[in-house]
C-alpha cells in the first residue's frame, strides 16, 4: 500500500482581540455610535426594529422579526399573561412594568434579567441588520418596561457580529432566515435533536423562522441556528417567490391564485444538496 504524505493546510489568519474589538465598535450603525457617545436617551427607530437608549446604553430592543419579552416570559409559564398585562397597564414614569412584576412576586430578579438580555440581543440582531432606509431617533422616549439591565453599545455590536459569523459558519445562505420553509429529504442526514424535531414538525411550506419562533416561544436567533443546521443537513429548504410577480390583467385585477406561478425551492440549494448526496453515496 502506498502512503501519500500531504502537507498540512495553511493556518487561517486570526485577528488579534484588540483589532476585533475595534472593528465591532461603530461598525453597524454610525448613528447609534454617535448617540452612545453623547449619552442620549430616547428611541432609535430602524427598518427592522427599534432600540431604546438610556444615557447612551441600550436598555430595550424590539423587532417584528423577534418574539418580544412578553411572549418569551408567558409562553412557558414563567409569568402568567394576566400578571404581565396588569403590570403593563399600571406602569408609569415612576414604576415600570419590570419593577411591578418584581414587587408583586411574579418573577425573580435573576430570571427577569436573563430573559430581558436574551430578548434584547435577539431583537437587536434584527434591528441592526443592514437597512435600506435611514434610522430616526426621538429623544426622551422611555420604554414602559422600565430599566432592567443596560447594555453598552460596543458590547451589543460585538455580540451581533459574533452571531452573524456563527450563522455564516453553519450555512452561508441567508434565504432560509426569511422565506417560508418546506421539509426535504436527504439520502444521508444526521439525526435531528429533540429540539430540532419539534421545529421540523411545524415546517409546512408556509411558516417562516419568525413564525416558528413565536409558536415555540423561543428566541428567533436560536431558531435561525437550528434552521440553518437543518438546511445544511438537507432537511429543510426555503420556498422562494417566483421571479416575476403577477401582473394585473385588463380589468385591473391580478391573475387568480391558480393561474399564478407556483412557489418553489431555490434551484441553487437543490443542486448543492444533490451534489452533497452524490458525494456521500460514493
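Things worth noting here:
- Rg/Rh for segment 107-179, where both radii come from Cα atoms and Rh is the Kirkwood radius: 1.02
- Counted by neighbouring Cβ atoms within 10 Å, the residues 141, 223, 160 run from fewest to most as 141, 160, 223.
- Potential lengthening of the chain between residue 47 and residue 191 amounts to 48.1 nm, from the contour at 0.36 nm per residue minus the alpha-carbon distance.
- The relative contact order of segment 24-169 comes to 38 percent, based on Cα pairs under 8 Å that sit 6 or more residues apart.
- When each of the peptides 67-79, 187-199 is scored by the mean number of other C-beta atoms lying within 10 Å of its residues, the order from highest to lowest reads 67-79, 187-199.
- Computed from Cα atoms alone, the Kirkwood hydrodynamic radius reported for segment 109-250 is 17.4 Å.
- Label-point gap, in nm, between residue 92 and residue 141 - each point 7 angstrom along Cα→Cβ: 2.3 nm
All of the numbers you see were taken from the coordinates with simple rules; none came from a lab. Not measured: the values here are computed from a predicted model. Because the Cβ atoms are built from the backbone with ideal geometry, glycine has one as well, and the counts that use them run over all protein chains shown.
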